[in-house]
1. Got a sec? Which of B:Ala96, B:Ala144, B:Ala91, B:Ala158 is crowded, with 22+ Cβ neighbours inside 10 Å, away from every other protein chain (no Cβ under 14 Å) and under 10 Å from the mean Cα position of the chain (by Cα)?
2. Please note which helices (runs of 4 or more DSSP H) are completely contained in the stretch B:13-99 and include at least 2 residues that are out of contact with any strand residue (DSSP E or B) (no Cβ under 9 Å at 6 or more places or on another chain) and at pLDDT 95 or above.
3. For the stretch B:164-185, give me each residue that is of a type in the set (A, V, I, L, M, F, W, C) and crowded, with 22+ Cβ neighbours inside 10 Å.
4. Considering each of A:Asp142, A:Asp105, A:Asp153 in turn, give the residue that is without any contact (Cβ under 8 Å) to a residue 24 or more places away in the chain and buried (at least 18 other Cβ atoms within 10 Å of the Cβ).
5. Select from the stretch A:332-364 the residues that are at pLDDT below 85, more than 14 Å from A:Ile375 (Cβ to Cβ) and in contact with a Phe, Trp or Tyr (Cβ under 8 Å, 6 or more places away or on another chain) and list them in ascending order.
6. Among all residue pairs at least 6 apart or on different chains, which show Cβ distances below 6 Å where the first residue, located in the stretch A:184-196, is aliphatic (A, V, I, L, M) and the second is surrounded by fewer than 24 Cβ atoms within 10 Å (Cβ to Cβ) and part of a loop (DSSP other than H, G, I, E, B)?
7. What's the number of the only condition in (1) in a helix (DSSP H, G or I); (2) closer than 24 Å to A:Arg256 by Cβ that A:Asn356 fails to meet?
8. Quickly run through the stretch A:197-211 and pick out the residues that are closer than 24 Å to A:Thr76 by Cα and either surrounded by fewer than 23 Cβ atoms within 10 Å (Cβ to Cβ) or modelled with pLDDT of 95 or more (or both).
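The values are calculated or read from the model by the stated rules, or taken from the named source; none is laboratory data. Everything numeric here is computed off the predicted structure, so don't read it as measured data. Note that each Cβ is placed from the backbone with ideal geometry, even for glycine, and that neighbours are counted across all protein chains shown.
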Amino acid sequence: MSDPSTAGPEIGPDGREVPGEGTDWSVDEAEAMIRLEGVSKTYPGTSEPAVEELTLDVPEGEVLVLVGPSGCGKSTTLRLINRMIEPTGGRIFFDGRDVTKVDPDELRRHIGYVIQQIGLFPHRTIADNVAVVPRMLGWDKDKTKARVDELLDMVGLDPSVFRDRYPKELSGGQAQRIGVARALGADPPVLLMDEPFGAIDPITRDRLQNEFLRVQDELRKTIVFVTHDIDEAIKMGDRIAILRQRSVIAQYDTPRRILALPIDDFVQDFIGSGAALKGLNFERVSDLKLSDFPTVRYDAGHRRSSEVLTASGQDWLLVLDNQERPVRWVNRDDMDRSDKPLTDVGQTVRVTVEPNATLHDTLEAMLSSSTGCAIVADDHGRYQGVVEIEVLTEAIARMRAEAQAHYEQMGLATQQAPSIDPDPMASVDGAR
Amino acid sequence: MLNSIESWLEFMQDDRDELWQLTIEHALLVVEATLAAVVVAVLLGIVVQTRPTARNIALSITSVFLTIPSLALFTLFIPLLGIGRNPVLVALFMYALLPILRNTVTGLDSVDPAVEESAKGMGMTATRRLFQVKLPLAWPVIVAGIRVATLLTTGIAAIGTLVSGGGLGDAIKDGFNRLGLPNSYEPIWAGVVLVVVLALVFDLLLALTTKLLSPSVIAGIAEAPDRLLAGRKQTSFEQEPSNV
């Protein structure tokens, strides 16, 4: 990682070090599939560069999301990678090979490209559209045809139905599926996607994102994905590069770490409110220590239940059925007020979470439960324990402390944790 | 009235060999001039479409051609080309340029920028983008321009008779010279009707061309070399050893 004495950040006017310019965000691992080295773009007739000395690694098999406010140069950066825009400085490496000077058309045949406006050829059938790159690469007819059918299947469109249709017969969502299939045509190792789902309605977009993640899970392509939507970035990215003006990297990291610790006010503002809440998506119940909760079997009887409740000092008791599945919440009033069996008093347990649920889902379960805690049950529905709100705040604090430690190791000072947690014990100081 | 139609039909019948001859001459003038104009105007259109200054100049000059009175244009070339078919061909060629050029430029303009962007992004060379994407998509608009040019030149070609260019103008001039004498209107009407029929035939043929040669067919033709080479091609990119 970067040596603070040479590549260390500058000191800002407020005494804090300023990340961004001069910060070495490069990934240490050797397996960067795409590497930009000091890449710049200055348009003729302008003095301000659109992209300034950008050094960026895209690790192989990962989705890197470039995200930033409009006009920050993220699309320009993407288009520099496949040289749709020729850089005016710096070098671009593709799988370790310098491609700054190779024939750009030849290069682009090995880089899938998906744009927001899709740009299917209106005069060609779907099959012909998907086959464009394979044909240019000289694939034989049978191989091309098999590949087209495979890709249509992959994006969830029945080849026998869609193969011979024309783009104008497709809905927006279908068209972009074809856009993705076409980009994957000749199985390129790299995919560049410029706001691919930006023009699609929210419901379809969500489905396409999920399907895309499913496909990516299988294919493990190296993907650079541009969006202006931080939520999409968090959802799609293995890593996120948050860009400020002139495509300067403000923060480059996993979504989890960015959400745990936005490195400065710019990133903080860009993520907006709810960073901690969004960060809960990256932690799972199985990572937490579950709390015990007073439980009784459904046939325990009121007297025994009362004793358990008294002994626990809690307000509520959890009733389990004969297979240890949580069924009801019961409090003292419920038991005092009626002689009915335990399974008929109190409140039904409506939501439980499984150990692999995210903390976000867990919080949701917590909020909809009358007792303020979420019940964890295994995949057979058997009671495992509960998660209480304190455990969540601890988890958030822990993630932040981990991120803080990571950045300190990188030689970057970060601002103090944003004041979302009033608990002083959870402050990052605890991690030092 | 019935009388004159009868005598006209009689004239058509009697002079059918000569009229047929004139019609063929006329058609050839139109076809040759328009074909030359298609080649020049489409090429010019492709070249100037993306260059605003050149494009304005080309469109202005060809517009000027169209405004030169035909009578003058046909005779202006006599010092250079003598009389006969040649000055007629040149004049018709000049008239045909504007509609074809303008429609070529408009047709190429109408190609969705996203389609061009994605074509380029997939690694299609400029030539491939032109022949497999832009020209096929612009083709219907270009053919519309060719249709206008053909109608225009079919009508104007009749003036070619003034420089001894031949064609149906000869029949019209023949009647004109004998105005007042018996049977002077018959050849005039014969010329007019045959010019109109010829124009309709051309238009029909071009309409058929548009139908048969749809953008997808054109693109398929443009792609033929790729299909022939399928399975036999190796790209330089793949041959180069990776230095990892």
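1. Details: B:Ala144 fails: crowded, with 22+ Cβ neighbours inside 10 Å; B:Ala91 fails: under 10 Å from the mean Cα position of the chain (by Cα); B:Ala158 fails: under 10 Å from the mean Cα position of the chain (by Cα).
That would be B:Ala96, the only listed residue that is crowded, with 22+ Cβ neighbours inside 10 Å, away from every other protein chain (no Cβ under 14 Å) and under 10 Å from the mean Cα position of the chain (by Cα).
2. Working: elements: B:16-48, B:52-67, B:70-76, B:78-81.
Output list reads B:16-48, B:52-67.
3. Applying the first criterion (of a type in the set (A, V, I, L, M, F, W, C)) to the stretch B:164-185 yields B:168, B:171-172, B:176, B:179, B:181.
Within the stretch B:164-185, B:Leu168, B:Ala171, B:Ile172 qualify.
4. Selected residue: A:Asp105, the only one of A:Asp142, A:Asp105, A:Asp153 that is without any contact (Cβ under 8 Å) to a residue 24 or more places away in the chain and buried (at least 18 other Cβ atoms within 10 Å of the Cβ).
5. The answer is A:Pro341, A:Leu342, A:Thr343.
6. Close Cβ pairs satisfying both conditions: A:Ala186/A:Leu137; A:Leu191/A:Lys221.
7. (1)
8. Keep residues of the stretch A:197-211 that are closer than 24 Å to A:Thr76 by Cα, which gives A:197-200, A:205, A:209.
Once the filter is applied, which keeps residues that are closer than 24 Å to A:Thr76 by Cα and either surrounded by fewer than 23 Cβ atoms within 10 Å (Cβ to Cβ) or modelled with pLDDT of 95 or more (or both), the stretch A:197-211 yields A:Gly198, A:Ala199, A:Ile200, A:Arg205, A:Gln209.
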